[in-house]
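Read the structure below first, then the notes.
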Amino acid sequence: MKVLAYCGLRWGEASGLRVQDIDFVRGRLEVQHTVVEIDGLQSEGQPKDYEARSIPVPASILADLRVLVDGRQGGEPVFAAARGGWLRGRVFRRGWLDAAAEQVGITRLTPHELSTQQRAWRSALGQT
């Protein structure tokens, strides 16, 4: 959830992140893949507008990611489902996002709203 809120990734981009896409030296996420779900089937593709991007990551989140992916292979998903493979959006919402949003008094928060809000904050601060 922190990656969506602080890095501004879209859900499909976060879901499509692989271990090899985390550059711990430069402190960046290399967004090169996306995972979308259509009619219950997940498929890999390219980011929106076919635009790979490099996203800065706050040090605290980078530290969390390091722990999360420790011992995993480069091609594995960063945010894997319990039984392996790509994490589905509805599982993320039901398992983490809904409860976290409720704790801060927000109802019906979506992953899209997290990433959109982060981009709005960066724009207001003159960051791109």
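The values are calculated or read from the model by the stated rules, or taken from the named source; none is laboratory data. Only a predicted model underlies this, so the values are computations on that prediction, with no experimental measurement involved. Because the Cβ atoms are built from the backbone with ideal geometry, glycine has one as well, and the counts that use them run over all protein chains shown.
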Residue in the stretch 16-30 that is surrounded by the most Cβ atoms within 10 Å (Cβ to Cβ), counting only those that are in a helix (DSSP H, G or I) and not acidic (Asp, Glu): 16
Residues of the stretch 53-77 that turn out to be surrounded by 12 or more Cβ atoms within 10 Å (Cβ to Cβ) and either at pLDDT below 75 or not in a strand (DSSP E or B) (or both), as a count: 11
Residue in the stretch 92-114 that is aromatic (Phe, Trp, Tyr), at pLDDT below 75 and more than 18 Å from residue 2 (Cβ to Cβ) present: no
Matching residues, the stretch 28-52, being under 15 Å from the mean Cα position of the chain (by Cα), closer than 16 Å to residue 78 by Cβ and not aliphatic (A, V, I, L, M): 28, 30, 32, 33, 34, 44, 47
